[in-house]
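Just so you know, all these numbers are worked out from the coordinates, no wet-lab data involved. Computed from a prediction, not measured in an experiment: that's the story for all the values here. Reconstructed Cβ throughout: ideal geometry from the backbone, glycine too, with neighbour counts over all protein chains shown.
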DNA sequence: TATCTGACAGATACAACGTACACATTGGCG
DNA sequence: CGCCAATGTGTACGTTGTATCTGTCAGATA
């Protein structure tokens, strides 16, 4: 019974945790293996490239193997299953996040962090489908770490610091998720600009408005002039959240 | 060639939109069918029950059919595919959201809306995996409608009103998504309280902290006293966002 | 009332997916 | 030079979403 070989397993908590931890240990380990055609980094890179180009559904174990030039089951030596593959992909994407901003006060630092997080998510829209804003992977944990560093020295206790971080990151995640959902709708229908999108959505929208349930939304549709300015929408909400931190915690 | 029968189809945009619109028309149509063993409502209800009990992955077309006592393909008369089924499920859940709060000023109304949205999402955690905060379905659209009604009469233009709504709903969605992710982790490992969770996460956490990359996060782990109070965490961030609206827009 | 008809549900089938398992191969260490 | 653990391959199975064909029922029509 070779018990030490299996990183997979729906077995009890003990073995499972060990397996999850060893994923990141393997990632850190430089080159301990005799044959090194495959590495976690190479796997992550290839999988992310597929997801960026064709969406998360295009990332199948066979497709990934084909892209890497190996047999379908080869990647299972490095990830215990598809869930762990996606965890690896997300961590890889977070690894490219620029976190070394000079930090001119907490507000600029948090604003920069939020803007970079949004840019990252828009560049890799499939990350919103993973439904795990900040799980415990090395590069994801670097985000709250950066925020804690920016917020230190203002007299906030640990819980409040976390609350501030969660307010900002929560807003970013939720707001960008909505943005990505609209962008996905556009792409899958081939609509290129706002007018084409509204034209494509018109039948559905007309039916909804004719129910008479949404007079406020209907007014918005007629009166709004910045419907095609997602940058303004995001940054307005962001400044709102940042002002709230100042107002609520006096920093 | 019976061309009028097919609600499905990867055909061009025109036919596709017609199909999507007719889903909600079918839902509104009272009882036009001769045999009415299946209805969109019954399908949605059964699917939501499965997802609530065993997660979104348990919702299979065959499983759903079995639960409804019909053949595996029967539901395809009402939804064009699984994506539309999930759209139907999400709309069903939003239909149970209480929106008739008395409205004692915009702040209480928005706060109540946020609290109810959180409660709804925690009751149906699988909704966060659908990655579409407010798509164009009747009951989802009722949420911004409620917000617009609450925010009317304060001199905000249409774009700003939408920005305020997006700030709140974005925060709620992102924040609760993080909460649900942690809750999922707990459930799938069988950890019941915060101490068990920390014990289960300890190996992974120890390995991460030993890298020395996260001194700020490590301090948080030692100093925080409200790590097991998600209500406080959510409401602190929410009050922060609401204060930001007051501060930023002067209402 | 007998019949017709279109909407409804059932049955069968298929390609693609994740992944378990046994086997072949590699290359540094003794 | 030969060993052996680490690495990649081949094959196969159960499950999934769904296309398509066939039967069947309720209510309008004559």
remark   = Inter-part gap, Cα centre of region B:32-104 to Cα centre of region B:198-251, in whole angstrom, is 36
key: Helix axis angle, A:138-151 relative to chain A longest principal axis, alpha carbon, degrees   = 50
request  = Once you've got the GNM for chain B with C-alpha springs shorter than 10 Å, pick whichever of B:150, B:163, B:75 has the biggest mean-square fluctuation.
outcome  = B:163
message = Once you keep just the Cα pairs under 8 angstrom separated by 6 or more residues, what percentage relative contact order results for chain A?
response = 15
ask   = Label-to-label distances across copies for residue B:101, with labels 7 Å out along Cα→Cβ, in nm, shortest first?
value = 3.1
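Give the whole-number value, in cubic angstrom per residue, of the convex hull volume spanned by the C-alpha atoms of chain B.
Taking the convex hull of the Cα positions in chain B, it is 194 Å³ per residue.
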task = Using the number of other C-beta atoms within 10 angstrom as an exposure proxy, rank A:206, B:137 with the fewest first.
result = A:206, B:137
task = Please find, in a Gaussian network model of chain A (springs between Cα atoms separated by less than 10 Å), the residue of A:83, A:159, A:52 whose mean-square fluctuation is greatest.
result = A:159
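D for region B:92-149, whole µm²/s, Stokes-Einstein with Kirkwood Rh over alpha-carbon pairs at 4 °C and 1.567 mPa s: what number?
109
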query = Taking a quarter of the surface of the Cα convex hull of region A:77-189, what do you get in nm²?
reply = 8.1
request  = For region B:194-248, evaluate the Debye formula with one uniform point scatterer on each Cα (no solvent term) and list log10 I(q)/I(0) at q = 0.24 Å⁻¹, rounded to two decimals.
outcome  = -0.97
task = One decimal, nm, shortest first: give the distances between the label point of residue A:119 and those of the same position in the other copies, each label point 7 Å from Cα along Cα→Cβ.
result = 4.2
inquiry  = Considering only C-alpha atoms, what is the centroid distance from region A:131-166 to region B:106-172, in Å?
reply    = 25
request  = Send over the per residue convex hull volume for region B:135-196, Cα only, as a whole number of Å³.
outcome  = 119
request  = Return the average number of partner chain Cβ atoms within 10 angstrom of each residue Cβ along peptide B:221-228.
outcome  = 3
inquiry  = Just to confirm the numbers: residue B:157, label point 7 angstrom along the Cα-Cβ line, distances to the other copies in nm, shortest first?
reply    = 4.3
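Can you give me the convex hull volume of the Cα atoms of region A:62-104, divided per residue and expressed in Å³?
86
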note = Taking chain B and counting helices only, DSSP H stretches of n ≥ 4 at -39,500 (n - 2.57) each over all residues, the nearest-500 ellipticity at 222 nm comes to -21500 deg cm²/dmol
query = How many partner chain Cβ atoms sit within 10 Å of a residue's Cβ in peptide B:188-198, on average, as a whole number?
reply = 1
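Got a sec? How would B:232, A:106, B:207, A:126 order by Cβ neighbour count within 10 Å, fewest to most?
Least crowded to most crowded, the residues run B:232, B:207, A:106, A:126.
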key: For the protein assembly as shown, projected area of the alpha-carbon convex hull averaged over all directions, nm²   = 26.7
Average projection area in nm² (convex hull over Cα atoms of region A:110-251, one quarter of hull surface) = 10.5
query = In peptide A:143-156, what is the residue-averaged number of other protein chain Cβ atoms found within 10 Å of each Cβ?
reply = 2
remark   = Taking a crude spin-label model, label points 7 Å out from Cα along the C-beta direction, the residue B:209 to residue A:42 distance in nm is 3.6
message = If you consider only alpha-carbon coordinates, what radius of gyration and Dmax does region A:47-119 have, in Å?
response = 16.5, 51
note = Here the residues of region A:229-248 lying in the modelled label zone of residue A:193, meaning backbone nitrogen under 20 Å from a point 7 Å along Cα-to-Cβ, are A:229-233
